[in-house]
Amino acid sequence: MEGGRGFIVEPERRVPVIAEADVLVVGGGAAGIAAAVAAARQGARTMLVERYGSLGGLATNGLIVLLLTLDDGRGRQVVAGLCQEMVDRLSARGACFAPPREEWGSPDPALVERYRRLGLVWGSGPHVVRYSAAYDPEEFRVEADGLVLEAGVDLRFHRWAVGVRREGQRITHVVFESKAGREAVACGVVVDATGDADVAVLAGEQVERELVHPWLWFRTANVVEDAAEASPQRLSYYRTVHPGGYLHPWGAAERIGRAIDATNPDDLTYAEVECRRLARAELDRLRAKVPGFERAWLAGFAATLGITESRRLVGIHQLSREEMDLPFDDVVAVTGHWTKYGAVYEIPWRSLLARETENLAVAGRCISVDHRVHHATKEIPACFATGEAAGTGAAMALERGVPLAGVAVSALQARLGAAGAWLPGRVLGR
Ligand SMILES: Cc1cc2nc3c(=O)[nH]c(=O)nc-3n(C[C@H](O)[C@H](O)[C@H](O)COP(=O)(O)OP(=O)(O)OC[C@H]3O[C@@H](n4cnc5c(N)ncnc54)[C@H](O)[C@@H]3O)c2cc1C
């Protein structure tokens, strides 16, 4: 690694082992929540470690409050399981808007327009109503805490994974840094749900990197809805679950000067400052120019930048664009495509597994896919689905005393199906 101004040598340290976990999930975004809950429900002693103080990752701290999408674009639900459970929990709190089942796949222009204004219709037409959902991120945080704790997960906030200890092909410990110093957790299987494949990199696995233009979504309040809805600019902002509140998916290439490496803290510092400055200028423009926003106030910037992509594992199988719509015998999760109708990816178990580390699985936006497939598999419902598969498979590997790659996939599929996940054929008949 580049030293710049040379190097220092740190003295050797003894790191206390503070706990043992059968399944250790690192990162508490959508994927990590699902992985931890799934593993714990399978009976594994599960720990979930998250560097911040709440769950959800981009789905809460990034203000990406749209589940795109749980369907295949033809009216058929293809993501269920824990993602559906979260939709149900949020709906019970009045904190989630989703089209009812009878409307999925409807080409009715009035319905399509209603859901487009909530940010639930994207891509080029002809459009139909998708099974997607808009939700409140604060309610998501609380429901996620409940989901995880009710499953018996040992939840640990405010710890950052910074190292691993390996023995042969296995990770024996993950090392975390916090205000308590360095601490190690002994583990049976690790699920890397950090979004950035941090654990995979620490374990020496190969990854692919992408530079991205960051986003900074923000919310406004006190907007006069009738005026805002009548404006020709109405599709640059979206209604939220709260009257008078709007979501602004601000960002993208034309606004910030350069793409960044989201694992480089100096790039992130530049992007944080620049995005906040420019996003506030956008707020000023809305107040000055767009009817309804005259007295709007900033209800909040996302607490973290919107990073679509950073590092992806190069796993046992790298799912490619050419494999869209192809069936896999070892499918463990399925996703539709938020901008395409009828496009479906079956995600094989091998795309969640590291090549060199037999007890490391990844879940969420850093799974082993190519850049174009990532466009679909990074979406929150897909992250729930891969998390659920990783957590279930991790628990089974330990139960049977086999490496992750040795898990009998038909048994894993049956467990996922029994738990409510949607899989083609194995569960519902192809
Ligand atoms: C601008 C933008 C728009 C998007 N739009 C949509 C959309 O409309 N609908 C949709 O469904 N999806 C959308 N997505 C995609 C989606 O939001 C994310 O890809 C998804 O939420 C990722 O979930 P994840 O759990 O894989 O990762 P993350 O949400 O990134 O979670 C990773 C978690 O790990 C923690 N962590 C990271 N490193 C460490 C470490 N070393 N130690 C401990 N903890 C760590 C983080 O704090 C975080 O909580 C969008 C993404 C972006 C950026």
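What the table shows:
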read-out: Mean Cα-pair separation over length for region 155-199, i.e. relative contact order, pairs under 8 Å, 6 or more apart, %; value: 31 percent
read-out: Three-way shape label, region 69-198, alpha-carbon gyration tensor, a/c 1.5; value: prolate
read-out: Loop GluC sites (Glu not before Pro), region 212-271 (other Cβ atoms within 10 Å of the site Cβ: 13 or fewer; DSSP); value: E254
read-out: Gyration tensor (alpha-carbon) shape descriptor, region 227-268, a/c threshold 1.5; value: oblate
read-out: Stokes-Einstein D in µm²/s, Kirkwood radius over Cα pairs - the chain at 37 °C with 0.692 mPa s viscosity; value: 149 µm²/s
read-out: Residue-level accessible surface for W297, protein heavy atoms, 1.4 Å, Å²; value: 140 Å²
read-out: DSSP beta bridge pairing in the chain, given as percent antiparallel to the nearest 5; value: 65 percent
read-out: Cβ charges +1 (Lys, Arg) and -1 (Asp, Glu), total dipole of region 218-301, debye; value: 260 debye
read-out: Charged-residue dipole, Cβ positions (Lys, Arg, Asp, Glu), the chain about Cα centre, Debye nearest 20; value: 440 debye
read-out: Principal axis dimensions, region 218-301 - Cα atoms, whole angstrom, descending; value: 43, 22, 18
read-out: Around V344: net Lys/Arg minus Asp/Glu count, Cβ-Cβ under 10 Å; value: -1
read-out: Accessible area of H242 in the full protein assembly, 1.4 Å probe (Å², nearest 10); value: 80 Å²
read-out: Per-residue HN-Hα couplings for region 75-80 [Karplus 6.51, -1.76, 1.60; θ = phi - 60°; Hz; x = Gly/Pro]; value: x, 10, 6, 10, 10, 10
read-out: Solvent accessible area, Å² - H248, 1.4 Å probe, full protein context; value: 10 Å²
read-out: Part-to-part distance (alpha-carbon centres) for region 24-98 and region 257-317, which is given in Å; value: 23 Å
read-out: Accessible area per residue in Å² at 1.4 Å probe, computed on region 218-301; value: 52 Å²
read-out: Residue with peak Gaussian network fluctuation, the chain [Cα springs, cutoff 10 Å], from T269, T220, T308; value: T269
read-out: Selection of trypsin sites (Lys or Arg not before Pro), region 134-239, meeting DSSP coil and at most 15 other Cβ within 10 Å; value: K179
read-out: GNM top mover of A394, A59, A35 - the chain, alpha-carbon springs below 10 Å; value: A59
read-out: Protein accessible area in the chain, 1.4 Å probe - carbon and sulfur %; value: 51 percent
read-out: Charge dipole (the chain, unit charges on Cβ, about Cα centre) - positive-most of P243, L216, P137; value: P243
read-out: Most to least packed among 126-132, 105-111 [average Cβ atoms within 10 Å]; value: 126-132, 105-111
read-out: Cα centroid separation, region 405-423 to region 353-396 (Å); value: 14 Å
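The values are calculated or read from the model by the stated rules, or taken from the named source; none is laboratory data. Keep in mind that this is a model prediction, so the values were computed, not measured. All Cβ positions, glycine included, derive from the backbone under ideal geometry; neighbour counts span all protein chains shown. The protein model used for the area step is the full one, side chains on, heavy atoms only, and it has no ligands, DNA or RNA in it. Shrake-Rupley method; radii C 1.70, N 1.55, O 1.52, S 1.80 Å.
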